[in-house]
Amino acid sequence: MSDTLPDRLSSDPTSPYHDEALLARGVGIRFKGVEKTNVEEYCVSEGWIRVSVGKARDRAGNPMTVLLKGPVEPYLRDAPQPEAPQE
């Protein structure tokens, strides 16, 4: 699998932008330079993330979310790190 991330990704299994294999690898999001851990969906080209709001749920049992606009930087958490030189 390549290390390029899609323009849009969702953690909701009913979404057409859901990718279970990619999410299993671990996707991190930097939004406005700050690490976010509660991101439900993101879009890099449109510059927004959808984050869950506490433990609130809607009538269907889905997390309540809010849309935030700004620069989005997705990355893989398990990306290979350069090895330290051996002594």
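Values in this text are rule-based calculations from the coordinates and carry no lab data. Quick caveat: nothing in here was measured; it's all calculated off a predicted structure. Methodologically, a virtual Cβ is constructed for each residue, glycine included, from the backbone with ideal geometry; neighbour enumeration extends over all protein chains shown.
Computed over the chain, relative contact order equals 29 percent, with contacts defined as Cα pairs under 8 Å that lie 6+ residues apart.
Every helix of 4 or more DSSP H residues in the chain counts as -39500 (n - 2.57), and over all residues that averages to -1500 deg cm²/dmol at 222 nm. The trypsin sites (Lys or Arg not before Pro) of region 4-82 meeting both criteria, a DSSP state outside H, G, I, E and B (loop) and at most 15 other C-beta atoms within 10 angstrom of the site's C-beta, are K32, R59, R77. Binning the C-alpha pair distances of the chain at 10 Å intervals from 0 yields a P(r) profile of 15, 45, 28, 8, 3, 0 %, listed from the shortest bin outward.
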